[in-house]
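Take a look at the structure below.
The values are calculated or read from the model by the stated rules, or taken from the named source; none is laboratory data. The shown structure was predicted, so the numbers you read here are calculated from the model rather than taken from an experiment. Counting neighbours? That spans all protein chains shown, and the Cβs are built from the backbone with ideal geometry, glycine included. Note: accessible area is taken over every heavy atom of the protein model, side chains too, but ligands, DNA and RNA are not part of it. Shrake-Rupley method; radii C 1.70, N 1.55, O 1.52, S 1.80 Å.
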2 protein chains.
Amino acid sequence: MSEALRQTIHQMGQQARAAAHRLALLPSEAKNRILHAMAGELRLRAPELIAANTVDLEAGEAKGLSKAMLDRLKLDDARIEAMAAGIDQVASLPDPVGEVLDSWTRPNGIRIEQIRVPIGTIGIIYESRPNVTADAAVLCFKTGNATILRGGSEALHSNQAIANALQAGGEHAGLPEHAIQLIPFTDRESVGILAGMDKWLDLIIPRGGKGLIETVVSLARMPVIKHYDGICHLYIDPAADLDMGVHLTVDAKTHKPGVCNALETLLVHETIAPTFLPKVAETLRAKGVELRGCARTAAIIGVAHATEEDWSTEYLDLILSIKVVASLDEAVAHINKYGSHHSDCIVTADQIAAERFLSEVDSACVFHNVSTRFADGGEFGFGAEIGISTDKLHARGPMGLRELTSYQYRIRGEGQTRGRIE
Amino acid sequence: MSEALRQTIHQMGQQARAAAHRLALLPSEAKNRILHAMAGELRLRAPELIAANTVDLEAGEAKGLSKAMLDRLKLDDARIEAMAAGIDQVASLPDPVGEVLDSWTRPNGIRIEQIRVPIGTIGIIYESRPNVTADAAVLCFKTGNATILRGGSEALHSNQAIANALQAGGEHAGLPEHAIQLIPFTDRESVGILAGMDKWLDLIIPRGGKGLIETVVSLARMPVIKHYDGICHLYIDPAADLDMGVHLTVDAKTHKPGVCNALETLLVHETIAPTFLPKVAETLRAKGVELRGCARTAAIIGVAHATEEDWSTEYLDLILSIKVVASLDEAVAHINKYGSHHSDCIVTADQIAAERFLSEVDSACVFHNVSTRFADGGEFGFGAEIGISTDKLHARGPMGLRELTSYQYRIRGEGQTRGRIE
């Protein structure tokens, strides 16, 4: 079985590579026509998708999946329409492929152009919601990449039905064969095979929990773009507008607590802690937020003591840890030590303090007087988002279409040689 | 021992991270002053460096290293001066850190800036020549990164002396402690420890043979930028200027056969093979190049038959494989299948054929009427080169200073929230 599985997945890799060569040459208009055809086919096949999804839902119920899990798994007409509309929207976005990033002429007359090209072949490994099948495949396709998808076992039939619809609908409009492939197995082993297949895959993007990402990172021979935790901070400077501080804290913590750009730790300068903490605590408690704090915080607003572990915990819940700091330096050092280099904010009217914070905090997104909830491809205006990278190479922070591309140097001349021609 | 080694290397990692936070804030002038101080210290310590190098050379001779190996290992006054002059030259290059890559304002008033920042901490694993110690550390430093170096065992004393000179000379001028560290062990194990240390290292660059790169790729948990083989092609189109074809073939094959941008396989269109092949073969043979070819090539110029293996071999020697192809499509397919996606060229006066070749060949550098030997950071005008990446993510092709940086989003506003403020 293991060898057969390996062969199947490697064959898919080889097919993806062949598709990628053809995808790279598709003009934008052709790609957009194909995207609309994919959306149309999803709408057309709604009954089929729902039937496939029912198989997964019934198996999930039998397996005892939680209500929340079953809800994430569920497809209905509205969700299928949302998926299709999302694809139509991706068609309307500008195509980054072919963009001239730079160009110059050397003294010897050779002309160098740096051109944006697709990455090639991308593996997406994901866990739960079946709509990721469409979202990820479509963003990769728009940028001229072939995808191999490996979804979670609970959604296998739903994912297969979606991938089939995208590929079949697209092919009518000129999509190359094997541009979008779904691995028809969900054995754990298939992750290892995919991650070892650097001959056929240029990039792997794991979308899911920390365990999945860790597994992929330890096995992958090709680049991985990781979307790890967001342990986000808000620092209230002595020169902060305290009302703004309350609003930003409440928004970043409570607007959507279960996402990676939500606030997890509040840092407050000691000179304003006695006035700010009671103010913010009142509003947060009214919103049902559990507060934990350092000894100084506890002395002011009477909260449970935060442990060392709290500072490096992504609660993803209505819990907030609070620490009183003696200086901007202490705030920056705390963030660089305990944070996840995702998104962190300073609230202040002092421009010098703000600029110091922005340049000293080593995170993908650093904010001055803006909620960390804006660390998001949509809010950045990217039109679509594949995720928020916590890596520093290739893509950092919100990843849009541009981050799904590579580049190539095209060099033109008239017979230039390095050596002398005899 | 193993645990002690692990602890030592992890401590170096932690120190590198602390140094990186300070390096990121150094202004360009300070960095350039430090670079000149490093160069000065190397010159001052020339006798010490030569003494340390003598220890390595004597051990190498005792171990029976080849003459060529011993020559690569050797340091003398001229080589030390060349290293120092190289550092002075890096000081004169523009600093990419702080460059504004993009900036825009969203309808809600938040202002987003994408700023070039250092990557952070970089591990360099290399094999032979001690000058890599200075070259790599200095390019990383210029871009605000801390480095951990792990050189080959034959050069340990030389590398240690160079790294000490750079760090000590730099510290007098304000270089943060631990900005440049060399692992004082050359056990194979240290590579694995370094590669697993993703908490402290943001990137690993292996510089050396395929075996070293493979080892690093299979162990690394952080991004790796690989500099694999160059299996470079030249395709002679029916519309080629045949004299130019000969000149480019000879230059790409013989100017410096032992490097990655040298030519390995010549593809010739069947319509011109009977006139071109005898012409090019005569010149190549006069230069001592051994020719191997497909059956059709052999029928025209009487060469040994190339095997399937020849098409995917990087000879790095005066050997050339030749294949007659029936079309541009066949040439492109051959290159995409057997090449290493490094550097490939078309020789033709036909603009349409040239543009098709440039967009269909999936390589880092694609050339029209230019020798593949120009795939080089220096020839591109980058001023310095850390290598030529065969990866597609982050850096592709010649890597200069810009490719040693990441970016950060800095977002400024006036209290914007995602949710409504109550």
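For the range B:193-218, a residue qualifies if it is farther than 24 Å from B:GLY339 by Cα, more than 10 Å from chain A (Cβ to nearest Cβ) and part of a helix (DSSP H, G or I), and the qualifying residues are B:ILE193, B:LEU194, B:ALA195. Out of A:ASP88, A:ASP95, one residue alone is among the acidic types (Asp, Glu), closer than 27 Å to A:GLY400 by Cα, more than 14 Å from chain B (Cβ to nearest Cβ) and part of a loop (DSSP other than H, G, I, E, B). It is A:ASP95.
Is it the case that the range A:21-41 has a residue that's on the phi > 0 side of the Ramachandran plot and either without any contact (Cβ under 8 Å) to a residue 12 or more places away in the chain or outside the structural domain of A:ARG150 (by TED's automatic domain parsing) (or both)? Within the range A:21-41, none of the residues are on the phi > 0 side of the Ramachandran plot and either without any contact (Cβ under 8 Å) to a residue 12 or more places away in the chain or outside the structural domain of A:ARG150 (by TED's automatic domain parsing) (or both).
Checked against (1) surrounded by fewer than 24 Cβ atoms within 10 Å (Cβ to Cβ); (2) aliphatic (A, V, I, L, M); (3) away from every other protein chain (no Cβ under 11 Å); (4) not in a loop (DSSP other than H, G, I, E, B), A:LEU358 meets all criteria but (3). In the range A:219-249, of all residues being facing chain B (nearest Cβ under 8 Å) and farther than 30 Å from B:VAL216 by Cα, the one that is farthest from the chain's Cα centre (by Cα) corresponds to A:ASP241.
The strands (runs of 3 or more DSSP E) found wholly in the range B:223-299 and carrying at least 1 residues that are in contact (Cβ under 8 Å) with a residue 60 or more places away in the chain and in contact with a Gly (Cβ under 9 Å, 6 or more places away or on another chain) occupy B:232-236, B:263-269.
When you scan the range B:309-318, do you find a residue that is free of Cβ contacts under 8 Å to residues at least 60 places away in the same chain, closer than 30 Å to B:ALA85 by Cβ and more than 7 Å from chain A (Cβ to nearest Cβ), even just one? Yes, there is a match, as at least one residue in the range B:309-318 is free of Cβ contacts under 8 Å to residues at least 60 places away in the same chain, closer than 30 Å to B:ALA85 by Cβ and more than 7 Å from chain A (Cβ to nearest Cβ).
From the list A:ALA165, A:ALA173, A:ALA137, exactly one residue is of a type outside the set (Val, Ile, Thr), touching a Lys or Arg at 6+ places or on another chain (Cβ under 7 Å), surrounded by 24 or more Cβ atoms within 10 Å (Cβ to Cβ) and under 30 Å from A:LEU44 (Cα atoms). Which is it? From the options A:ALA165, A:ALA173, A:ALA137, the qualifying one is A:ALA165.
Of all the residues in the range A:364-377, those that are at the interface with chain B (Cβ under 7 Å from one of its Cβ atoms) and either of a type outside the set (Phe, Trp, Tyr) or under 23 Å from A:PHE141 (Cβ atoms) (or both) number 8.
Taking the range B:321-338 as the region of interest, how many residues are crowded, with 23+ Cβ neighbours inside 10 Å and either at pLDDT below 95 or more than 10 Å from every other protein chain (Cβ to nearest Cβ) (or both)? The qualifying residues number 6. Can you find, within the range A:395-418, the residue that is surrounded by the fewest Cβ atoms within 10 Å (Cβ to Cβ) among those that are among the charged types (D, E, K, R) and in a loop (DSSP other than H, G, I, E, B)? Ranking the qualifying residues of the range A:395-418, first place goes to A:ARG418. For the range B:320-345, the set of residues classified as more than 14 Å from B:GLY230 (Cα to Cα) and out of contact with any helix residue (DSSP H, G or I) (no Cβ under 8 Å at 6 or more places or on another chain) consists of B:ALA326, B:SER327, B:ASP329, B:GLU330, B:ALA333, listed by residue number. Restricting A:ARG17, A:ARG22, A:ARG72 to those that are open to solvent by 90 Å² or more (accessible area, probe 1.4 Å) and more than 22 Å from the chain's Cα centre (by Cα) reduces the list to A:ARG22.
The condition of being within 14 Å of the chain's Cα centre (by Cα) and of a type in the set (Asp, Glu) holds for only one of A:GLU355, A:GLU414, A:GLU385, A:GLU360, that being A:GLU385. Being outside any strand (DSSP E or B), away from chain B (no Cβ under 11 Å), free of Cβ contacts under 8 Å to residues at least 12 places away in the same chain and farther than 30 Å from A:LEU25 by Cα holds for only one residue in A:ILE352, A:ILE421, and it is A:ILE352. Could you tell me whether any residue of the range B:378-392 is at the interface with chain A (Cβ under 9 Å from one of its Cβ atoms), touching a residue at least 40 places away in the same chain (Cβ under 8 Å), open to solvent by 10 Å² or more (accessible area, probe 1.4 Å) and at positive phi? The answer is no; no qualifying residue exists.
Before we move on, is A:ALA39 in contact with a Ser or Thr (Cβ under 8 Å, 6 or more places away or on another chain) and crowded, with 18+ Cβ neighbours inside 10 Å? Considered against the rule, which asks whether it is in contact with a Ser or Thr (Cβ under 8 Å, 6 or more places away or on another chain) and crowded, with 18+ Cβ neighbours inside 10 Å, A:ALA39 comes out as no.
Given the condition of a type in the set (S, T, N, Q) and surrounded by 24 or more Cβ atoms within 10 Å (Cβ to Cβ), answer yes or no: does some residue in the range A:241-259 qualify? Looking through the range A:241-259, at least one residue is of a type in the set (S, T, N, Q) and surrounded by 24 or more Cβ atoms within 10 Å (Cβ to Cβ).
Comparison of B:ASP237, B:ASP202, B:ASP187, B:ASP229 shows that the only residue that is open to solvent by less than 40 Å² (accessible area, probe 1.4 Å) and modelled with pLDDT under 90 is B:ASP229. Annotation: of all residues in the range B:264-280 being β-branched (Val, Ile, Thr) and touching a helix residue (DSSP H, G or I) at 6+ places or on another chain (Cβ under 8 Å), the one that is most open to solvent (accessible area, probe 1.4 Å) is B:THR275.
Residue pairs whose Cβ atoms lie under 9 Å apart, sitting 6 or more positions apart in sequence or on different chains, and linking a residue in the range A:77-93 that is under 14 Å from A:LEU139 (Cβ atoms) to a partner that is open to solvent by less than 80 Å² (accessible area, probe 1.4 Å) and among the basic types (Lys, Arg), are A:VAL90/A:LYS142; A:ALA91/A:LYS31; A:ALA91/A:LYS142; A:LEU93/A:LYS142. As a summary of the residue check, A:SER218 satisfies the conditions (1) touching a residue at least 24 places away in the same chain (Cβ under 8 Å); (2) surrounded by fewer than 17 Cβ atoms within 10 Å (Cβ to Cβ); (3) assigned by TED's automatic domain parsing to the domain that holds A:GLU403 except for the one numbered (1).
Test A:GLU29 against the criterion of being over 21 Å from A:SER158 (Cα atoms), at pLDDT 95 or above and part of a helix (DSSP H, G or I), and give yes or no. For A:GLU29, the condition - over 21 Å from A:SER158 (Cα atoms), at pLDDT 95 or above and part of a helix (DSSP H, G or I) - is met. For the range A:98-134, a residue qualifies if it is within 14 Å of chain B (Cβ to nearest Cβ), in a loop (DSSP other than H, G, I, E, B) and surrounded by fewer than 21 Cβ atoms within 10 Å (Cβ to Cβ), and the qualifying residues are A:GLY98, A:GLU99, A:ARG106, A:PRO107, A:ASN108, A:GLY109.
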